[in-house]
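Here the structure is laid out as structure tokens; the discussion comes afterwards.
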Amino acid sequence: MTYGNLAYKYDYREEEKPREQRSTVNKKRVKSRKKKNEISYLSKVISVLVLAASAIFMITQFVNVNETQTALEEKRSEYAFEESVTSQKSFELEQSVDLSKIEEEATTRLGMQRPEAHQIVYVDVKQDDVTEKTAGEVEGLGNRIAGFFSSVISNIIEFFSI
């Protein structure tokens, strides 16, 4: 016994038309898929271009920041050098000033004289004018911990800053 379709095929040609319509619908679906692929390809190209532009912008900004930091370090080293020269010149100036020359100028040109014994007044200060610092205050555990945390925070900020 054969199992099959026993229905009559009255409208054989009308049955073919839906198949043709089905093929046109399938062709439209293929075209729409191609359009979707083209759109996604275009969006991929645009996203790559945007990503490349942002990377170039970030690189140029990083280069600018590095150049600025380099210039700043150069200026700091120049400042440190000039500061050392200034301190050296001030030391030389202090060494060149002779108190005997100053006393001679004061007495001859300005007519000044040393105070006499009855003109000198001594003041006795009852409070100590000495400050005491112990090693525990300077190098204590709390100061070491605070210094450690401040150095860690400054290193983190320096690492993540541009």
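Key figures
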quantity: Enumeration of residues in segment 139-162 that are within 19 Å of PHE62 (Cα to Cα) and not charged (D, E, K, R); calculated: ASN155, ILE156, ILE157, PHE159, PHE160, SER161, ILE162
quantity: Test result for VAL63, modelled with pLDDT of 90 or more and open to solvent by 90 Å² or more (accessible area, probe 1.4 Å); calculated: no
quantity: Which numbered condition LYS34 fails, given (1) open to solvent by 100 Å² or more (accessible area, probe 1.4 Å); (2) modelled with pLDDT of 90 or more; calculated: (2)
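The values are calculated or read from the model by the stated rules, or taken from the named source; none is laboratory data. Computed from a prediction, not measured in an experiment: that's the story for all the values here. Just so you know, the surface numbers come from the protein's heavy atoms only, side chains and all, with ligands and any DNA or RNA stripped out. Shrake-Rupley method; radii C 1.70, N 1.55, O 1.52, S 1.80 Å.
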